[in-house]
1. Could you tell me how many degrees, from 0 to 90 and to the nearest 10, lie between the Cα long axis of helix 14-25 and the main elongation axis, the longest principal axis, of the Cα atoms of the chain?
2. Using each residue's phi in segment 299-307, evaluate 6.51 cos²θ - 1.76 cosθ + 1.60 at θ = phi - 60° and report the 3J(HN,Hα) Karplus result to the nearest Hz, with x for Gly and Pro.
3. Per residue, how large is the accessible surface of segment 89-155? Use a 1.4 angstrom probe and give square angstrom.
4. Relative contact order for the chain: what is it in percent, counting Cα pairs under 8 Å that are at least 6 residues apart?
5. For the chain, what proportion of DSSP beta bridges, expressed in % and rounded to the nearest 5, is antiparallel?
6. List the trypsin sites (Lys or Arg not before Pro) within segment 181-240 that fall in a DSSP loop (any state other than H, G, I, E or B) and whose Cβ has at most 11 other Cβ atoms within 10 Å.
7. Just by accessible area at a 1.4 angstrom probe, what is the order of PHE229, PHE234 from largest to smallest?
8. Dipole magnitude of segment 50-116 about its Cα centre, charges +1 at Lys/Arg Cβ and -1 at Asp/Glu Cβ only, in debye to the nearest 20?
Amino acid sequence: MSDLLGVAVLGTGHMGADHIRRLENVVSGAKVVAVADPDADRAEHALAGIAGASTHTEAEAALDAPGVQAVLIASPGPAHEEALLAAFARGLPVLCEKPMVPGSAGALRVVEAEARLGRRLAQIGFMRRYDAEYRQLKAVLDEGRLGRPLMLHCVHRNVSSPPDFTSAMLIDSSVAHEIDAARWLLGQELTAVTVLRPRSSDRAPEGLLDPQFVLFETDGGALVDVEVFVNCGFGYQVRCEAVCEAGSARIGEGHGMLVTSAGAAREEVAQDYLVRFADAYDREVQAWVDATRQGRVTGPGAWDGYAASVVAEAGVRAQESGARVTVDLAPRPALYE
Ligand code: NAI
């Protein structure tokens, strides 16, 4: 019997296909044994060149396929709750792309289901926790050399948004990453959110509120602001500056080669997250495979996924109402203490 971890991948779109490639070619200790996608052609395409994996149009059929020991969920957010509960019912460890579940009620059901099991099975795909720069920033903040963090200034820009992207998704899909990163970097919960916006860019599709300016308050007395601009046109940029009592630390300034010529310096800007966070995804999936093979769950879990969904939901209400909205988390089950 193979000692490689047999993984079922649910959803073979952008992220699913990239994770399949990663599990097969980059990460050690795992192999893809089943995939599911209602679009059978897409599933076949994502598996091209990979022998021995079965394809399914139903997620549960993939979970029940021979050799499946763990699940990677890369279907759209609304499909996650059902997939997570199906994995829990089978005792399968899961790496679930963000958002864990869009909407706090469904996210709480996942937390409660895992708490009932009495052991953690889910890791949520907040890959920034595995990015080298973010880890460096976290280490500096934890070390305390710069004193108490007072503010985080964040920037999240995409070249363009997918056709079905809504104004709410700037918060619950894009800023979802900053929500988790801020909770993790500061070790604090986000307690209130206000959303302001300038006039929308002419580059934004009709009706899309883009850019937006999101301001979070935390239970540790810090402020976190995020400029989210998903049709900036020029590149994928993610920045974060922590301003502390005795100094500041900034990440995300540049990742490309700097070419100096003819009296000017020019640096390439990544065009998407798969390039900017390639190393982070690799590290995330390797860490998940390693931990899973040891019967452990490390990294952001269901509680983090739940908290992010509650904060994002409050953010969408703040965006729609123009008012400051407070965040109410359910009591944290002992499993996540
Ligand atoms: P996509 O639209 O490219 O692919 C989704 C795929 O899932 C499609 O092939 C679709 O046919 C399939 N699908 C739909 N319902 C399904 C079901 N019930 N079971 C299995 N497959 C199903 O979407 P994309 O961009 O790959 O996003 C997938 C997930 O990854 C989302 O949760 C998204 O938020 C997340 N994501 C995470 C990123 C990160 O940086 N961590 C970046 C981009 C997306």
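1. 60 degrees
2. Once rounded to whole Hz, the list reads x, x, x, 4, 5, 5, x, 5, 4.
3. Working: 2720 Å² over 67 residues.
Spelled out: the 1.4 Å probe surface of segment 89-155, per residue, equals 41 Å².
4. Values: 698 pairs, mean separation 66.1, N = 337.
Relative contact order of the chain: 20 percent.
5. Working: 31 of 58 bridges.
Expressed as a percentage, antiparallel bridges in the chain total about 55.
6. Numbers: sites: ARG183, ARG199, ARG203, ARG239; in loops: ARG199, ARG203.
Passing sites in segment 181-240 are ARG199.
7. Details: PHE229 40, PHE234 105 Å².
The residues order as PHE234, PHE229, largest area first.
8. On the way: 4 positive and 8 negative charges, 30 e Å.
The calculated dipole for segment 50-116 is roughly 140 debye.
The values are calculated or read from the model by the stated rules, or taken from the named source; none is laboratory data. A quick note: this is a predicted structure, and the numbers were derived from the prediction, not measured. Cβ coordinates were reconstructed from backbone atoms using ideal geometry, including for glycine residues, and neighbour counts include every protein chain displayed. Surface accessibility is based on the protein's heavy atoms, side chains included, excluding ligands, DNA and RNA. Shrake-Rupley method; radii C 1.70, N 1.55, O 1.52, S 1.80 Å.
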